[in-house]
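I have placed the structure first, in the form of structure tokens, so that the comments after it can refer back to it.
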Amino acid sequence: MTKSLGLSGMRKGRAWALGGLLALAGIGNTIAEENPHDPYEGFNRSMFAVHEAIDKYAAKPVAQVYDNAVPLPVKAGVGNFFGNVGELWVGVNSALQGKFSDAGVDLGRLLINSTVGIFGLFDVASELGLERHDEDFGQTMAVWGAGSGGYLFWPVIGSRTVRDTLGWGVDIMGDPVGYVDSIPVRNSLRGLRIVDIRASLLPADKVVEEAALDKYAYIRDAYLQRRRNQIFDGRPPRLDD
Amino acid sequence: MLVQRVTEEVLEIIRNDREIQNGSTNKVIDLVDKKVLPHFNFQHMTALAMGKEWRKASPQQQQQLTAEFKTLLVRTYSNALTSYKNQKVVYKAFKMAPTETDVLVRTEVHQPGNKPVQLDYSLERLEGGWKVYDVVVAGISLVTNYRDQFGQEVRNGGIDGLIASIANKNKSLEANQKK
């Protein structure tokens, strides 16, 4: 009886000490992770490590081969092609944000580049002065007033806030490539697009690698700044220091 | 306008210099040193990157911070210039009242197959003429993007800890380059 009492007393004591430690750790955490933009930093940093490994051994080497092997006019054609494929969805989002003249430009671009620009391989519309816009459903939700939610880092797709993760899910539904019937063609298009995007980021790699004291934080803060800029269409109100 | 004159002058040199195109970092740093740096206010840039931590630093620490941060920025972004190939810079229309002392100059870098990249410069009028104090690429300020990282270093090791970690970064970049 006494023994068991003692044991339970000891257990209680231990549990209490453990609780105290956890509480301390909790306080430590809130002090260490003062960043209000990044409430899930622990999770994000582990996902970032996974992402870096995938990139190092798969995505980046493939993109480098592509970048070195393919001549510039072909790469430009591929980039233009996927830009054109996404044009309709850009237009839908312009319209959803109430920017109807932009939506008209987007539609015009799609028509001109799909015809005169030979299936979008040439960006004739830009030459004619029809500027390309940058819209997606995450931005649309932001314009509608949705808050960004916490910052998340996902392997492969990278930085997304909670809102932009949802937006990305909707963007996929608005992606014409998903509606291609032939599975091999659909998958090849998706693969080529990933390689094209990754290859276009190669020059930025070195800069980030060299510039960052903490690569994870550098990429996070760059993403948050860039999104803010996109939501305000390149003219964000100035933040006071 | 200053930004346009300097940009075109520098790009012209890069276009005609094989060594730079082949990635000669030292040569491009030389070029940036001579042509670009006189138009930058690094003290202001460092203060902007530090945010509220700047005032916690003594004048001597501020000087050290500015020197190290300058080295880091110059090295990393000069390297970015060596990959300049087929880009074209477009200058946005720009109006300014003669009394203004702080302006934003907007440019766009066009490259085949990619969306144009927005490249903006913040300039302030000082006694020695207009100086750049912020460079913003695609909405990302190359200066304030350091603020959280700097804050983190200051929390961990104080202002001197931050100076040491930027200095270490610079040393390791220099060592890598010599290889």
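The values are calculated or read from the model by the stated rules, or taken from the named source; none is laboratory data. Bear in mind the structure is a predicted one, so any value in this text is a computation, not a measurement. Every residue, glycine as well, gets a Cβ built from its backbone with ideal geometry; the counts of neighbours run over all protein chains shown.
So here's what we get for this one:
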quantity: Residues of region B:69-104 that turn out to be acidic (Asp, Glu) and part of a loop (DSSP other than H, G, I, E, B), as a count; calculated: 1
quantity: Test for residue A:185: is it of a type in the set (Val, Ile, Thr), part of a helix (DSSP H, G or I) and at pLDDT 95 or above; calculated: yes
quantity: Qualifying residue in region B:46-53 (condition: of a type outside the set (Gly, Ala, Ser), away from chain A (no Cβ under 11 Å), closer than 23 Å to residue B:128 by Cα and surrounded by 16 or more Cβ atoms within 10 Å (Cβ to Cβ)); calculated: yes
quantity: The listed residue being part of a helix (DSSP H, G or I) and under 29 Å from residue A:232 (Cα atoms), out of B:51, B:113; calculated: B:51
quantity: Of all residues making up region A:125-134, the number that are hydrophobic (A, V, I, L, M, F, W, C) and over 17 Å from residue B:111 (Cβ atoms); calculated: 2
quantity: Complete set of residues in region A:200-213 that are within 10 Å of chain B (Cβ to nearest Cβ) and either in contact with a Lys or Arg (Cβ under 9 Å, 6 or more places away or on another chain) or crowded, with 18+ Cβ neighbours inside 10 Å (or both); calculated: A:200, A:202, A:208, A:209, A:210, A:211, A:212, A:213
quantity: Unique match (being modelled with pLDDT under 95, assigned by TED's automatic domain parsing to the domain that holds residue A:83, within 18 Å of the chain's Cα centre (by Cα) and not acidic (Asp, Glu)) among A:208, A:170, A:195; calculated: A:208
quantity: Test result for residue B:10, at pLDDT 80 or above and surrounded by 15 or more Cβ atoms within 10 Å (Cβ to Cβ); calculated: no
quantity: From B:88, B:179, residue being surrounded by fewer than 18 Cβ atoms within 10 Å (Cβ to Cβ) and either at pLDDT 90 or above or touching a His at 6+ places or on another chain (Cβ under 7 Å) (or both); calculated: B:88
quantity: Test result for residue A:32, out of contact with any Phe, Trp or Tyr (no Cβ under 8 Å at 6 or more places or on another chain), more than 30 Å from residue B:153 (Cβ to Cβ) and at pLDDT below 95; calculated: no
quantity: Some residue of region A:142-149 being in contact with a Leu (Cβ under 6 Å, 6 or more places away or on another chain), polar (S, T, N, Q) and in the same structural domain as residue A:61 (by TED's automatic domain parsing); calculated: no
quantity: Checking residue A:42 against (1) in contact (Cβ under 8 Å) with a residue 24 or more places away in the chain; (2) within 30 Å of residue B:151 (Cβ to Cβ), the condition it does not meet; calculated: (1)
quantity: Residues of region B:127-156 that turn out to be touching a helix residue (DSSP H, G or I) at 6+ places or on another chain (Cβ under 7 Å) and of a type in the set (Lys, Arg), as a count; calculated: 2
quantity: Selection from region B:125-159 of residues that are more than 14 Å from chain A (Cβ to nearest Cβ) and either surrounded by 15 or more Cβ atoms within 10 Å (Cβ to Cβ) or small (Gly, Ala, Ser) (or both); calculated: B:128, B:129, B:130, B:131, B:132, B:158, B:159
quantity: From the options B:70, B:27, B:34, residue that is closer than 27 Å to residue B:91 by Cα and loosely packed, with under 15 Cβ neighbours inside 10 Å; calculated: B:34
quantity: Region A:83-118 - residue that is surrounded by fewer than 17 Cβ atoms within 10 Å (Cβ to Cβ) and closer than 23 Å to residue B:86 by Cβ and, of those, nearest to the other protein chains (Cβ to nearest Cβ); calculated: A:118
quantity: Residue in region B:108-119 that is more than 22 Å from residue A:199 (Cβ to Cβ) and more than 8 Å from chain A (Cβ to nearest Cβ) present; calculated: no
quantity: Filter result for residue B:77 (within 25 Å of residue B:9 (Cβ to Cβ), hydroxyl-bearing (Ser, Thr, Tyr) and in contact with a Leu (Cβ under 9 Å, 6 or more places away or on another chain)); calculated: yes
quantity: Residues (surrounded by 15 or more Cβ atoms within 10 Å (Cβ to Cβ), charged (D, E, K, R) and either farther than 26 Å from residue A:58 by Cα or at the interface with chain B (Cβ under 7 Å from one of its Cβ atoms) (or both)) located in region A:214-240; calculated: A:214, A:221, A:226, A:227, A:228, A:233
